[in-house]
Amino acid sequence: MVVRDSHGDSLPTTLTHTLRQYLDTTGITVAEVCSVTAITFLAVALEGFAITLLLPLLRAIEQGTDQLVSEGLPRLLQLFLSWVSSMGLGSSLRTVLTLLVGLNVLRIGMTYLRMFYRAELKKRAELTLRTKLFDGLLRARLSFVEGSGRGPLVSSLTAEAEHVGNLVFSVTNMLGQGMMLIIFSLMSFMISPSVTLLALVAFGGFYAVNRAQISQSRALGGDIVDRNQKFTGMLLDRIADLRSVKINGTESTEARRLVGLADRVGDVAKDLNRLNATAQVKIELFALVMLTAILIVAIFAAGVSISSVAVIAFLLVRLVPVSNQFLGAVQNVRVFSGSFRNIVDTLAMVEAAREDEGADVVFRGLEKGIGLEDVWFSYEGGGGPIFKRLSGDILAGRLNAVAGPSGSGKTTLLDLLIGLRVPTRGRVLFDGIPLSQFRAASLRHRTAYVSQQAALFRGTVRENVLYGCPSGEPDRLHRALVAAQAAEFVDRLPQQVDTPVGDGHQGLSVGQTQRLLLARALVREPAIILLDEPTSALDEETGSKLIDTLSQIASEGRTVVVATHDPAVIAATDHIVRLENCKTI
């Protein structure tokens, strides 16, 4: 008969599949799992055998002799003592005490090695997961990342990845405590089979009673994942648009809402702690009653010697916290498995949303222009088409303007030109070659894009401007700052190009930030430059200088495309592409 779980899958197959999936996802190898298992087994076996060695020691003390008496001892102990004697080590109490100390020192060493090894595996598991997730997000389609919400993605990269790393601890801890239960039970069985069987029946009954709590832990683990994601998402959304919160005077409302979400996260954590505390109290009470009953049976019914009763009692007392830790580890595995399932699902979605890397044609520059051929585009999730039957041309080596009212799709068109979005129907052509035939990396290497949504990263002015071009020479950096009308204000900064910026602009105005982003685009000396409303945050004088810069760049043979509704920019362009009614050019 094959045991099956609630979904109808055979448990051995399910467990094997889950283990293989975990190893594949975290990058931990089978050899490493076997190594930590072997170290755990050695540590547990050494402790169990050291406790059992107390039996001949106590028996000798009981009989008032300093020589060990092997009669009546379990067969394994007799063989071990005979081997010790044959090695010329003698069979005195001093010998056993020396062995006890040596075994415990070795056990402590094995325990330290196991903890160190587990910590290394946990670190590597978290690093692997975060690398896979972040790399996957960077390579995923823009529409997927925009539509997934920042909360769940950030939660997966931070808290959930850490939980999956903790799963390494929990599984190995469960494995170690399980081994200890088995080995200690075997040691006890060698001393008194009847008493050990009674204890095992009692432990088995207790585990059966607590199965409901273990199952409940798994449900709580899923709730923790869900509520953490909602909390993180709400927090990121409000911080990202704090201006709207202040303008609408909703600080108190948002604070109460955040407290409510945090309280719900805390409620689940409290329920989990309550569950663990209840299990611990049950174990302590149950163990007290069980231990008393077993000792009474051992002494008065089974006729076990005082020394044997003492060792059995020591083993059973040691098994009480072990049982507690074992059930706690099982509960943690259930809890953290929710995070693991979330990570696996997220990785699968990210992989499914992977951006097409294009074909084999290498983009080396634009000679004639970019053509739009019957382009249709709709965002994922519906809402109707943004473009229908969109056709037109962008001229190479010219200053082109994409003009149209707000909501006409100017930003979307720039995204289509660089391949960040893919037409639902129709084609984007570079010198008559479909965009899909170009190697995406080669096209973007020769193209710069200054988006309205772009932001400075944490770092210095130098690091931000040279982002994507880290090997840029100082002269190249200076030329880009001058061309972007940024050199003057950068020279006034406390540390000039080495001034830290990012994370809220660090004291820079929106216009200054926009000029640094333009410098980031110009420093690469691209063949094509796309700009989304580049003068929206600039004063008239600075905007006029920027227009002159863009005209100069176009006169050098580079293609400039500006999405704008600024009349001054439109008047200065060589070619205008007008979007009307969000449908046609």
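In a shell of Cβ-Cβ distance under 13 Å around Ala572, excluding Ala572 itself, what net charge do Lys and Arg (+1) and Asp and Glu (-1) give?
-1
For Val105 and Val30, what does the FRET efficiency come to when R0 = 22 Å and r is the distance between their Cβ atoms, rounded to the nearest 0.05?
After rounding to 0.05, the efficiency reads 0.10.
Taking R0 as 51 Å, what's the FRET efficiency between Arg578 and Leu347 from their Cβ-Cβ distance, rounded to 0.05?
My answer for the efficiency is 0.70.
Would you please report the Å³ per residue occupied by the convex hull of the alpha carbon atoms in the stretch 369-578?
Normalising the Cα hull of the stretch 369-578 by residue number yields 124 Å³.
Given H placed on each backbone N at 1.01 Å, which residues far from Gly369 in sequence or on other chains put an amide H within less than 5 Å of it?
Ala396, Asp431
Given the Cα-Cα distance of Asp548 and Arg439 and 0.36 nm per residue of separation, how much length would full extension add, in nm?
In short, 36.0 nm is gained.
Lys368 to Gln496: extension gain in nm, 0.36 nm per residue of separation minus the Cα-Cα distance?
My answer for the length gained is 42.0 nm.
For Val450, list long-range residues whose amide hydrogen, built 1.01 Å from N in the peptide plane, is under 5 Å from its own amide hydrogen.
So Val450 has HN proximity to Leu530, Leu531, Asp532.
Going toward the positive end of the dipole of the stretch 369-578, with +1 on Lys and Arg Cβ and -1 on Asp and Glu Cβ, which of Val569, Gly397, Val523 do you reach last?
Highest projection toward the positive end goes to Gly397.
With point charges of +1 on the Cβ of Lys and Arg and -1 on the Cβ of Asp and Glu, referenced to the Cα centre of the stretch 369-578, which listed residue (His445, Ala487, Pro474) lies farthest in the positive direction of the dipole?
Of the listed residues, the answer is His445.
Subtract the Cα-Cα distance of Ala568 and Ser536 from 0.36 nm times their separation in residues, and report this length gain in nm to one decimal.
So the extension gain works out to 10.4 nm.
Return the distance in nm (one decimal) between the two label points of a simple spin-label model at Val361 and Arg257, each offset 7 Å from Cα along Cα→Cβ.
4.7
Rule-based calculations on the coordinates, nothing more; no lab input. Because the structure is predicted, anything quoted here is derived from the model rather than measured. All Cβ positions, glycine included, derive from the backbone under ideal geometry; neighbour counts span all protein chains shown.
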